[in-house]
1. Can you report the number of residues in segment 74-119 which are at negative phi and exposed (fewer than 15 other Cβ atoms within 10 Å of the Cβ)?
2. Please state which one of 267, 221, 225, 235 is at pLDDT below 90 and either within 26 Å of the chain's Cα centre (by Cα) or more than 25 Å from residue 168 (Cα to Cα) (or both).
3. Any residue at all in segment 222-233 that's of a type outside the set (Ser, Thr, Tyr), surrounded by fewer than 20 Cβ atoms within 10 Å (Cβ to Cβ) and in contact (Cβ under 8 Å) with a residue 24 or more places away in the chain?
4. Anything in segment 119-145 that is at pLDDT 85 or above and among the aliphatic types (A, V, I, L, M)? List them, or say none.
5. Condition (residue is assigned by TED's automatic domain parsing to the domain that holds residue 218, over 25 Å from the mean Cα position of the chain (by Cα), within 22 Å of residue 213 (Cβ to Cβ) and assigned to a loop (DSSP other than H, G, I, E, B)) applied to segment 278-292: is it met by at least one residue?
6. Among the residues of segment 146-188, how many are closer than 26 Å to residue 105 by Cβ, modelled with pLDDT of 65 or more and surrounded by 10 or more Cβ atoms within 10 Å (Cβ to Cβ)?
7. Looking at this structure, is residue 42 buried (at least 19 other Cβ atoms within 10 Å of the Cβ) and within 18 Å of residue 115 (Cα to Cα)?
8. Working only within segment 80-128, note down all residues that are farther than 22 Å from residue 234 by Cα and assigned to a strand (DSSP E or B).
Amino acid sequence: MRAMPAVALLLTVMTHPTPATAQWVRLARSEHYEVALDTASVRLTTSGRHAVWLKFTPLGESRRRLAAAKYNKKGYRLHLEYYEIDCGDNNAVNGLTEIIGPGGKSLERITGSGSPEIIIPGSVLDSAAQQICPLPQENQTDDDDTPDEPATFEPRDDPSRNGMTAEARQRVAAALRRTEAEPADHATWLELGNAYYDADMPRQAIEAYNRSLALKPDDPDVLNDQGAMFRQTGDVTQALKNFEKALAIAPYNLESLYNTGYIYAFDLHDIGRALQIWQRYVKLDNSSDTARQVQSFIERYGH
């Protein structure tokens, strides 16, 4: 079984998406956050919107705790939001929110609704739009031989793509070499899956875990890790199948119990079923950090 953060065994720890060349500048202060804008992220998208990353840092420990509770992430330190702003129609689309924990580690990526929201005057988004939207061109004459070129921006990686670190690339490359040398070894494919998992490459991880399971079908740890990757791709149905199969193989596997309960509660909204599973969990483990989190779920949703 792979080591995972106790706060959420389902969720992979991912590399911080902001490049090393990020240039954060103070943008605004809201009621709860100090907000900064990454000037290096600003670019013009193919749809004509202006893309930008914003960073929201809580104003003090009490507000950090409120945000941690809001996102259900005990280790929350700050979060990033990716927006595409339509300067003409004065609206913005939130494409991604990334929860950042200690040491700048990513705890979770949350896909936005994709629906445009009106930019309210005086809001943080209004401040961002004022910074990145080009000024309207006025008083242009027909005999202007050299009109101003439209603003151009340095491209940034798409937010859905992972920027692998050199260490992650080396680990994946080494694992691939081992699978070529020992293609019939269950452990080599497991290591490749784990390398892709930690590099935030879920589809590649799923395929590697498939090869591992083909050689050792009843490994509950691999089923759990692959299930986490299925959930990350949005395939909750297959994720649950993995977790329940792992639980059938090993009824006392704590990771399987946690993951299965989590899916039922927060993806399928079947709190009754989740409570049954969580009760089984705390009968087996009532002292770990994860057990305390499960107990808090029971107390919160069990009424």
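1. 9
2. 267 is the lone residue from the list that is at pLDDT below 90 and either within 26 Å of the chain's Cα centre (by Cα) or more than 25 Å from residue 168 (Cα to Cα) (or both).
3. No, that holds for no residue.
4. Result: 119, 124, 125, 128, 129, 132.
5. no
6. 11
7. Taking the combined requirement at face value, the residue does not satisfy it.
8. Those that are farther than 22 Å from residue 234 by Cα and assigned to a strand (DSSP E or B): 84, 85, 86, 91, 92, 117, 118.
The values are calculated or read from the model by the stated rules, or taken from the named source; none is laboratory data. As the structure is a prediction and not an experimental result, all values here were calculated from the model. Neighbour counts run over all protein chains shown; Cβ positions are idealised from the backbone, glycine included.
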